[in-house]
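Accompanying notes for the structure given below.
The values are calculated or read from the model by the stated rules, or taken from the named source; none is laboratory data. Predicted, not measured: the structure shown is a model, and the values here were computed from it. Every residue, glycine as well, gets a Cβ built from its backbone with ideal geometry; the counts of neighbours run over all protein chains shown. Remember, those area values only see protein heavy atoms, side chains included, never the ligands or the DNA or RNA. Shrake-Rupley method; radii C 1.70, N 1.55, O 1.52, S 1.80 Å.
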Amino acid sequence: MLETLRNIVQEVNAAEGLNDALNIIVKRVRDAMGTEVCSVYMRDEHSGRLVFRATEGLNPLQIGEASLAPGQGLVGLVASREEPVNLEDAESHPSFQLLKGLGEESFHAFLGVPIIHQRDVLGVLVIQQAKRRRFDESEEAFLVTMSAQLAGVIAHARVTGAVQEELRNGAGGPARINGIAGAPGIAIGTAVVVSPVADLYAVPRKQAGNRRAELRAFKAALAAVRNDIQAVSENLRGEMNPEDHALFDVYLGILDDSAIGGEVARLIKAGQWAQGALSEVMIKHIRHFERMEHSYLRERAVDVKDLGTRVLAYLQDEAEKELKSYPEQTILVGEELTASALGEVPRERLAGLISVRGSGNSHVAILARAMGVPTVMGAVDLPYTRLQDREVVIDGYNGIVHLNPLPEVRARFQDLVDQDHAVSRDLESLRDLPCETLDGHRLPLWVNTGLMADVTRSLEQGAEGVGLYRTEVPFLLRERFPSEEEQRQIYREQLEAFAPRPVTMRTLDIGGDKALPYFPISEDNPFLGWRGIRVTLDHPEIFLAQVRAMIKANAGLGNLRILLPMISNIVELEEAMRLIQRGHREIVQEGTDVPLPPIGVMVEVPSAVYQARALARRADFLSVGSNDLTQYLLAVDRNNSRVADLYHSFHPAVLQALCDVAEAGRAEGKPVSICGELAGDPLAAVLLLAMGYDVLSMNATALLRVKKTLRSITRADACDLLEEVMLLEHSSEVLQRLQRLVAETGLQQFIHAPLD
Ligand code: PEP
Ligand code: MG
C-alpha cells in the first residue's frame, strides 16, 4: 500500500500542470483501489462551485462542464462537512442528486473524501462502484491518506499551472504570486534566475544568444561525458559481469544523435539555449521512465537523470568562464538564494530578490534588509525557471510578486517607489539628531552589520554603534576559514570605521540555516543541533583564532565588545570566557598591549531567559536575539514558509520574555540591548523603550524610521501603552493596539505594517 501511495504521489509531483496531475490521480487511484470510477471535483475560486475536472469511468465530455453548487449533492456534502462520505447506495441518501450526462446512474457505492490544503477545501476525490457495498475501513483510510498527500501537490499545480499558462502565451499576461515579506520596499526590474550547480530542474529557460555557439557547447559537453563514461567503463571491464557492463553501452547510446542528443540539438536549433534545451528534454525522459509500470525500468529514471546532470555540469562549467552580465535593475530569483549569490551582483545593479524557499527571518532576508534590497521570500508557487529576462515587480512590504505587470499596475508601483524616496529624503534630516523621546529620554540606536558595505550605509544613517557584527558573513563569502591575520584585517576595518563608537562582534554563529560551503553540517534538525557556540566550543582552534584576531584588531582603539551566540547554559558561557581570557593573555604576553574587551551573552533560547540573571552576573552585558528567541519560544522554524504565519513577533509570550530579560539585566546592574529584527520595527521599538532596553540594534535601513517614531512620543506614554499591551492575550490584539498608536501619532507614512 505504502509503495503504491508513494509512487502515485511521486508521479503527480512530476506532472506538468494541474490537468496532467488530476488525470494521473484518477487513473492511478482507480487502478490502485480496483474500483470502476474515480473522479475529481475542484472548487472554482470565484463561484465556489465544485467543477467536475477529471474522471476515469464517467463521461469525459462533461469535464469542465458539469458542476455543483456549494453544499449541493453528495460531493457538495463532502466539501461542506469536510469529512468523508461512504455510502453503500448513493441514491438512497437524502442529499443525492443526479448530475445529468455524467453517466453515474449505474454506480451505487460511493466514497468521497475532501481535498484539503492548509484548512482550505480545494475539491473532492470520489470513487464509485456498481456493486452495492460499503467501502471498508482500510479503503476509506487509504483514500483519506491519498487525498491529504495530494492536496499540497494539487494546490501548487493549481497556482503554478495558471501562471505557467500565462507565461507560455507569447510575451505572457500579468500574474501575481503571494510569498512572504522579506525586506521592505518596492522594486521594478528584470528577472535573473540563479540556479544551483547541476540541477536539471532549476535551469532557467531562455533564448540562445548565438545558436551555433550553444550547439558547439552542447556537443563539447556531450563528448566530455562520453569520454568520462568510456574511461569508467574501461576501468570496470574486468570487475563486472558482461551483462552489467553492457549498461555502459546503453548510456552511450542514450547520448547519441539518434536519441536524446538529437532531440536536444533540435531544440537548440529552434532557438533555446543549450542548458534549457537539455533540461527540457531530460526532464521529459525522466518523467517517462518514472511512469513505467515495471520497477526495473522505473529505476532507469535515475540513470537518465545522472547522465543529464553530468552534461549540464560541463555546460555550466563552460558558461561560468564567460563574464556574467546583469541588467541595470536586476531582480535576482532563485529556489534558495544564498549570501554568496547576492555578493555576485554589483550592488548598484541589484534592485530586488525573490526566493522560492525561506521566510522573512531567514538569514538571506536579514541580509537583504540590511542592504535595503526589497525582497520576497517563500514564493513557493513561483515557476521561477521560466522568469529569466521577464519584467517583475516586487512588493517587499506585503510579500507579493507581480509578473508582466499591466501598465496601470506598473505605474501604481512606480508612484510608491517615488513616495518611498520622498519619505527617505524627509528622514535624512534626522540623521544627526539624537534618538530622544519628547520627554527627554535618550535611547541609543545601533546597527547590525556583516558586509563592508554596511559600514557606509550605517554611518550615513547616523548609527551610534554596532550592536551586532555578524562575523559569519565574511566567513560565508570565502572558500575556506579565513586565517587569524585575514580576520584581524577584516575586524580592524570595522572597528576603525566606527571608532570611537562601540562595535559588538559576535563569535562565529554557523549551523541552522547558515552553512559554510567548506564546512558542511548535515543534520535532521539543524536549528536544535550543532549551532553557534556549540560548534566553536567543540573547535577551540577556530574560536581562539577568531577571538585573538578580534582582540589584536582592537589595539589602540578600545571599542571592541565580544558577543557569544546561542548560549543555553552557564557552562558554555564560562568556557567561552575562559578561552577569551586565555587568548587575551597570550596576546599581551606576545607584547601587544590591549584591554580585555567586555563580553556579552546573546539571549536567544528560552533557557537563557530563565537564567538571565545568572548570565548577567557573569557577563558584562546581555543582548537579546529576538529572531531565534521567537523561533524557540513558539517552536516555529524561522526558515519554514509553511509555518511563517505562526511566527508572531508580538506574541504575548515573546513580549513577556523580553520584559523579563530587561528586568534581569537591571537587577544585576548590566546593560541590556536587543539585536534581533524586532528592534528595527518602529512599533516594537516603542514597547522596548518602555521595557527599559538600553540600546536597540537594527538593520541600517530601519534606523531613521525608528528614530522618527521614538522622537514623536513620550516615554511616559510608551510605559502606559506597554502596561495595556501586557494585559492582552492574543498577538492580534497587540497588533491592533499598536496600529491604533500609528493612527494617533500620525506616523502612517513612516511606518509600514509591523512584522507580523
Ligand atoms: C537573532 O537570533 O535574533 C539574531 C540577532 O541572530 P541571527 O539572526 O543572526 O541568528
Ligand atoms: Mg540568532
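Brief remarks follow.
- Surface accessible to a 1.4 Å probe, residue 186 within the full protein complex, Å²: 20 Å²
- The helix-only estimate of mean residue ellipticity at 222 nm for the chain, built from DSSP H runs of length n ≥ 4 each weighted as -39500 (n - 2.57), is -14500 deg cm²/dmol after division by the residue total.
- The loop-placed GluC sites (Glu not before Pro) in the stretch 677-756, going by DSSP, that have at most 10 neighbouring Cβ atoms within 10 Å of their Cβ come out as 729.
- Of the whole protein surface, residue 552 contributes about 60 Å² of accessible area at a 1.4 Å probe radius.
- Net lengthening on full extension, residue 720/residue 663 (0.36 nm per residue, minus Cα-Cα): 18.8 nm
- Extension gain from residue 428 to residue 100, taking 0.36 nm per residue of separation minus the Cα-Cα distance: 111.2 nm
- When +1 charges are put on Lys and Arg Cβ atoms and -1 charges on Asp and Glu Cβ atoms, the dipole computed for the chain relative to its Cα centre reaches about 1100 debye.
- Each label was represented as a point 7 Å from its Cα along the Cα-to-Cβ direction; for residue 442 and residue 585 these points are 3.8 nm apart.
- For the chain, the relative contact order is 10 percent, taking Cα pairs closer than 8 Å that sit 6 or more residues apart in sequence and dividing their mean separation by the residue count.
- A 1.4 Å probe, protein heavy atoms only, puts the accessible area of residue 273 near 30 Å².
- Cut-off under 5 Å, modelled amide H: who pairs with residue 272 long-range: 208
- Carbon + sulfur, % of accessible area of the chain - ligands and nucleic acids excluded, 1.4 Å: 49 percent
- Angle between the chain longest axis and helix 700-710 axis [Cα atoms, degrees, rounded to 10]: 70 degrees
- Centroid-to-centroid, using Cα positions, the stretch 598-659 and the stretch 100-131 are 48 Å apart.
- Length gained on full extension, residue 569 to residue 614: 15.2 nm, using 0.36 nm per residue less the C-alpha separation.
- Against the main long axis of the alpha-carbon atoms of the chain, helix 570-589 sits at an angle near 60°.
- In the chain, a dipole from Cβ-located charges (positive for Lys and Arg, negative for Asp and Glu) runs towards its positive end, and of 191, 481, 93 it is 191 whose Cα lies farthest in that direction.
- On a per residue basis, the chain carries 44 Å² of accessible surface, using protein heavy atoms and a 1.4 Å probe.
- In order along the stretch 483-488, phi translates into HN-Hα couplings of 6, 4, 5, 4, 5, 3 Hz, rounded to whole numbers, per the Karplus curve 6.51 cos²θ - 1.76 cosθ + 1.60 with θ = phi - 60° and x for Gly and Pro.
- 479, 82, 91, reordered so the largest accessible area comes first (probe 1.4 Å): 479, 82, 91
- Crossing angle, helix 731-745 versus the chain [Cα axis fit, 0-90 degrees, rounded to tens]: 60 degrees
- Toward the positive end of the charge dipole of the chain, with +1 on the Cβ of Lys and Arg and -1 on the Cβ of Asp and Glu, the farthest Cα among 146, 656, 314 is that of 314.
- Antiparallel DSSP beta bridges within the chain, percent to nearest 5: 55 percent
- Within the stretch 436-745: Cβ-based charge dipole about Cα centre, in debye rounded to nearest 20 (Lys, Arg +1; Asp, Glu -1): 520 debye
- Convex hull volume of the Cα atoms of the stretch 458-516, normalised per residue: 95 Å³.
- In this calculation the C-beta distance from residue 298 to residue 136 is compared with R0 = 25 Å, giving a FRET efficiency of 0.30.
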